[in-house]
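The values are calculated or read from the model by the stated rules, or taken from the named source; none is laboratory data. Just so it is clear, the model here is predicted, and its values are computed rather than measured. Here Cβ is always computed from backbone atoms with ideal geometry, including for glycine, and neighbour counts include all displayed protein chains. Just the protein is used for accessible areas: all its heavy atoms, side chains included, with ligands, DNA and RNA removed. Shrake-Rupley method; radii C 1.70, N 1.55, O 1.52, S 1.80 Å.
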Amino acid sequence: MASIWIMISPWTPYLFSFIALILLLEQIFYLKKKRFLPGPSLVFPFFGNVFPLVTNPTKFWDLQSALAKSTRHGFSANYTIGKFILYIHSTDLSHKVFANVRPDAFHLIGHPFGKKLFGEHNLIYLFGQEHKDLRRRIAPNFTPKALATYTDIQQRIIIKHFKSWLDEASKSPSTPIPLRLLCRDMNLDTSQIVFVGPYLNEESRRRFNVDYNYFNVGLMKLPVDLPGFAFRNARLGVGRLVETLSVCVEQSLNKMKSEEQPTCLIDFWMQENLREINEAKKNGLTKPFEYSNKELGGYLFDFLFAAQDASTSALLWALVLLDSHQNVLEKVREEVAKFWSPESDQPLTADMLREMKYLEAVAREIIRIRAPATMVPHIAGEEFRLTEDYVIPKGTIVFPSVFDSSFQGFTEPEKFDPDRFMEERQEDRVYKKNFLAFGAGPHACVGQKYAINHLMLFIAMFTALIDFKRHKTNGCDDISYIPTIAPKDDCKVFLSQRCTRFPSL
């Protein structure tokens, strides 16, 4: 009956006229914001180009990059889910965004619908002095002493997983095994123990892994916050993860009040917080800060997300690039052998890693040429003049491309060349502004030393303990978004044990 009423109602022409007007206004507002920028001339109502983005993100972002490079401006436009978006190819303009993260300019969001997904208590949403103070309190988590503690933990976990990988490979030596999920599980194991140590029991770890998988899947799906949709599962999963981490915070705080030695990241953090509180009391000052356990749990989730997905990406590309550059692989093995031998049963220490200059150069070059998080989304809180002839409209989602910056400035940027980061060439200093894999400005990655350390440790141990060969197929090394980037074939390799025995650590 309703459909018949619409057909015969005298209001029907007005209804369709109103809908047509809304659609027309949407196109006009889009074109007004787009102005002279390269990008689609017309967009699908409301949804825009979200379907190409979700179904083939690699092609979508490659097109945005090509459009941005096609003009002197260095950026391009598009439209998704009612949001005008700007993609920035130019390194200088990316720095302009990073340097202006403040309430009246750009807000770092981490994901186009990040606040809804990540929750309110998140380091990336802070500004000004509050943000500076929190970063200062986080700094002790990444001192040489702390990194040395983590290195001992990491290598025990890495060896455990390497053994399971080799067991899997030995069941069918002629069949390659995909490493993406195996690396992800290893990193999740590593992150949990490094960050919250003994405060997660086996059941908590199992639930943690399930909820983190919900989160990972939801990142790449349509932002439909309804029961049964991946985005809703991800949002609820994050809430449970933060609650679990909040309990870990409370347990660590009680332990550090007993003046025990820190054994994981949250211990170092709580130790520093207690030190600052006690120092204030001695000087007759009020408590210098007030963080709830839930807030700290949210900040811990930031670390977990950064360490988990970006690190998995870096490890996979390390194997891809070392396999295709055997001369680099041999130099890495030679350097590692000077400092550490698997047969010695001695751990590979943080001091040893610091001496491996070529290995560090390899790690930095891997991150340069395959920046794990290719873009860092921000939202314009107010209008912002990006160039002399273009003002970014309020509400625009802006995507500075750290991936594109890696291919600007550097000598032969398309070439995998770790020597560019050695002391003789110093391209890391000459082209410092182009190395944006860890961001820049006030929100530059606070854990980048940990990230480099973890990648170096993985490469050192993997190349010393395991022989590997890529299973080459057409397009296997193409980029796939998961949401960080990974080889399209999930990095399929043949594995075999290289050393006579594994170290007993």
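Each of Thr387, Trp269, Val402 was scored by the projection of its Cα onto the charge dipole of the stretch 90-497, and the greatest displacement toward the positive side belongs to Trp269; charges sit on the C-beta of Lys, Arg, Asp and Glu.
Kyte-Doolittle cut-off 0.0, length cut-off 24 Å along the helix's own axis using Cα: show which whole DSSP H helices in the chain pass. Span-like helices in the chain: 12-34, 230-257, 448-465. Shape class for the stretch 239-394: oblate, because the ratio a/c of the largest to smallest gyration tensor axis (alpha-carbon atoms, square roots of eigenvalues) is 1.5 or more and b/c is at least a/b.
Each peptide among 486-496, 138-148 gets the average number of other Cβ atoms lying within 10 Å of its residues, and from highest to lowest they stand as 486-496, 138-148. Distance from the alpha carbon centroid of the stretch 33-67 to that of the stretch 174-253 works out to 31 angstrom.
Mean projected area of the convex hull spanned by the Cα atoms of the chain, taken over all viewing directions: 29.6 nm². Cβ under 14 Å from Phe75's Cβ, Phe75 left aside: what net charge do those residues give with Lys, Arg +1 and Asp, Glu -1? Charge balance near Phe75 sits at +3.
Subtracting the Cα-Cα distance of Arg102 and Leu226 from their residue separation scaled by 0.36 nm leaves 41.4 nm. Could you work out how far the C-alpha centroid of the stretch 293-359 sits from that of the stretch 376-445, in angstrom? First find each Cα centre; the distance between them is then 24 Å. Electrostatic tally near Trp269: other residues with Cβ closer than 14 Å to its Cβ, Lys and Arg +1, Asp and Glu -1, net 0. Approximating the spin labels as points 7 Å out from Cα along Cα→Cβ, the Lys469-to-Val391 distance works out to 6.3 nm. Using a simple spin-label model with pseudo-atoms 7 Å out from Cα toward Cβ, Lys449 and Ser41 lie 5.5 nm apart. Lys287 exposes around 110 Å² of accessible area when a 1.4 Å probe is run over every protein chain in place. Taking 21 Å as the straight-line reach from the Cα of Lys83, the lysines in range (excluding those fewer than 8 positions away in the same chain) are Lys32, Lys33, Lys34, Lys59, Lys115, Lys116, Lys221, Lys394. Entry comment: accessible area of the chain is 46 Å² per residue, from protein heavy atoms only and a probe of 1.4 Å. Listed by chain and number, the lysines whose C-alpha is less than 18 Å from the C-alpha of Lys492, apart from same-chain residues fewer than 8 away, are Lys163, Lys171, Lys469, Lys472.
Any idea which of Ala310, Asn327, Leu200 is furthest toward the positive side of the dipole for the chain, if Lys and Arg beta-carbons carry +1 and Asp and Glu beta-carbons -1? The Cα lying farthest towards the positive end belongs to Ala310. Projected onto planes of every orientation and averaged, the convex hull of the alpha-carbon atoms in the stretch 335-409 covers 8.1 nm². Here the calculated FRET efficiency for Asp478 and Leu285, from their Cβ-Cβ distance with R0 = 41 Å, stands at 0.10, rounded to the nearest 0.05. Of the residues Ser258, Asn278, Tyr212, the one whose Cα sits farthest towards the positive end of the charge dipole of the stretch 206-295 is Tyr212 (charges of +1 on Lys and Arg Cβ, -1 on Asp and Glu Cβ, taken about the Cα centre).
Taking 7 Å steps out from each Cα toward its Cβ at Phe29 and Arg333 produces label points 6.1 nm apart.
Can you give the percent of C-alpha pairs in the stretch 296-376 whose distance is more than 18 Å?
Every Cα pair in the stretch 296-376 considered, those over 18 Å come to 55 percent.
Counting only Cβ charges, +1 for Lys and Arg and -1 for Asp and Glu, the dipole size of the stretch 90-497 around its Cα centre is about 560 debye. Based on DSSP H segments of at least four residues, each scored -39500 (n - 2.57), the chain has a per-residue ellipticity at 222 nm of -17000 deg cm²/dmol. The peptide list 394-401, 201-208, put in order of mean Cβ contacts within 10 Å with the highest first, becomes 394-401, 201-208.
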